[in-house]
Amino acid sequence: MRALVKAMAEPGLWLDDQPVPPIGPDDVLIKINKTGICGTDIHIYAWDEWARRTVPVPMVVGHEYAGEIVETGSNVRNLPIGQRVSGEGHVIGMNSRAARGGRFHLDPETKGIGVNIPGAFAEYLRLPAFNVVPLPDTIDDEIGAILDPLGNAVHTALSFDLVGEDVLVTGAGPIGIMSAAVARHVGARHVVITDINPMRLALAAEVADVVPVDVSKEDLSSVKAKLGMKEGFDIGLEMSGAPAAFDQMVEHLVMGGKIAMLGIPARPAPVDWTKVVFKMLTVKGIYGREMFETWHKMLAMLQSGLDVRKVITHRLPISDYELGFQAMQSGNSGKIVLDWKR
Ligand code: NAD
Ligand code: ZN
């Protein structure tokens, strides 16, 4: 089968011929139709310090995908051949207190497909049946291929009650934009999204009814004044990983405000904890998606009018994967979907 492989411990990814992975009794084999490129894949492509520490070589990469089941293991029930699916890319253990308590997303033995174990940038993916999420007919393969990052956005946005609240999203990358769309969908009042990249802010405004703010040009105090906000934002969704954005969020939240933080700072950065303490802020870290509550809510919201399709800015055949990676690296893209059938 064709697969995108981290074949050598150096920058790059290689489209290569690989054996179809054999499945075990509790697995399914998925024929991949479409995949999404994630920021994580860019780290692996660039072979930065994190990737060198984390990713075994050689290995098939990729973790955002949609496809259909072509084979099931002998223990697998209720997943018919031909079923269209996406699935959770975090493969968990069942021994920890968290997993045995049903809090699967908190299992410390979690391994990521395409990061620690073979991934989805391939014609076929082996996946535990436990991880499979069947797709309703109304959700097509390109949306199916971006459910992993949409799930990050949904997990973050639904961490706190947003109904009637004023929400500040820092970072208009694909996930920040989708989290702003979720905030709007579930009934926030003002949704302000910040970035320092005008292309991304324009994309945010196309995807959802949000107020885009270029924080390299405009101060959030004047934005709050324009919107008639007397105090500050009730909820912050940190989606940039930029320390400056976190500082700004702390500054512009109300007393008792809540922050859900998905963005990953590139290196340890100082925080003004005095402000966090005296404002009595709650800061919640977010990793991955809740299994499988995030998946349920995400599919249900897509079926009830949440529309994030415009966040996809590039659709390419797999043979053009280098173009896709270049577009992602430029910072001037939304989601990029690669088609394995073309
Ligand atoms: P991205 O890198 O595409 O987007 C980040 C955006 O933040 C960029 O558009 C950038 O211009 C913007 N930015 C930079 N400095 C800023 C500032 N001072 N103020 C406001 N915006 C600023 O990332 P993405 O793919 O959308 O993912 C969002 C974040 O979530 C990343 O940090 C990523 O590493 C992280 N992530 C975390 C998880 C998790 O499980 N915790 C999963 C996926 C992604
Ligand atoms: Zn991802």
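Which is surrounded by 13 or more Cβ atoms within 10 Å (Cβ to Cβ) and assigned to a loop (DSSP other than H, G, I, E, B), of LEU299, LEU306, LEU237?
When all the criteria are applied, what remains is LEU306.
From ASP48, ASP17, ASP27, grab the single residue that is of a type in the set (Asp, Glu) and without any contact (Cβ under 8 Å) to a residue 12 or more places away in the chain.
ASP48
Answer yes if at least one residue in the stretch 273-296 is on the phi > 0 side of the Ramachandran plot and either modelled with pLDDT of 95 or more or not in a loop (DSSP other than H, G, I, E, B) (or both), and no otherwise.
Yes, because at least one residue in the stretch 273-296 is on the phi > 0 side of the Ramachandran plot and either modelled with pLDDT of 95 or more or not in a loop (DSSP other than H, G, I, E, B) (or both).
Could you tell me whether any residue of the stretch 64-75 is of a type in the set (A, V, I, L, M) and either on the phi > 0 side of the Ramachandran plot or part of a loop (DSSP other than H, G, I, E, B) (or both)?
Within the stretch 64-75, none of the residues are of a type in the set (A, V, I, L, M) and either on the phi > 0 side of the Ramachandran plot or part of a loop (DSSP other than H, G, I, E, B) (or both).
Pairs only if they're at least six apart or on different chains, beta carbon under 9 angstrom, first in the stretch 214-241 and over 22 Å from MET261 (Cβ atoms) and touching a residue at least 60 places away in the same chain (Cβ under 8 Å), second among the hydrophobic types (A, V, I, L, M, F, W, C) and surrounded by fewer than 20 Cβ atoms within 10 Å (Cβ to Cβ); list them, first residue then second.
LEU227/VAL211
If you check GLU206, GLU142, which single one turns out to be in a helix (DSSP H, G or I) and closer than 30 Å to ILE92 by Cα?
Every option except GLU142 fails the conditions.
Which pairs turn up if I take residues in the stretch 87-105 that are under 19 Å from ALA120 (Cβ atoms) and of a type in the set (D, E, K, R) and look for partners that are in a loop (DSSP other than H, G, I, E, B) and within 16 Å of ligand 2 (Cβ to nearest atom) with beta carbon separation below 7 Å, at least 6 apart in sequence or on another chain?
GLU88/ARG289; GLU88/MET291
For the stretch 76-127, which positions are within 21 Å of ILE286 (Cα to Cα), aliphatic (A, V, I, L, M) and not in a loop (DSSP other than H, G, I, E, B)?
VAL91, ALA98, ALA99, LEU106, ILE113
For GLU71, only one of the following conditions fails: (1) within 21 Å of LEU338 (Cα to Cα); (2) more than 16 Å from ligand 2 (Cβ to nearest atom); (3) surrounded by fewer than 21 Cβ atoms within 10 Å (Cβ to Cβ). What is its number?
Checking GLU71 against (1) within 21 Å of LEU338 (Cα to Cα); (2) more than 16 Å from ligand 2 (Cβ to nearest atom); (3) surrounded by fewer than 21 Cβ atoms within 10 Å (Cβ to Cβ), the one that fails is (1).
Listed residues SER159, SER179; which is within 14 Å of GLY236 (Cβ to Cβ), within 14 Å of ligand 1 (Cβ to nearest atom) and surrounded by fewer than 24 Cβ atoms within 10 Å (Cβ to Cβ)?
SER159
The values are calculated or read from the model by the stated rules, or taken from the named source; none is laboratory data. Fair warning: this is a prediction, and the values are worked out from it, not measured in the lab. Methodologically, a virtual Cβ is constructed for each residue, glycine included, from the backbone with ideal geometry; neighbour enumeration extends over all protein chains shown.
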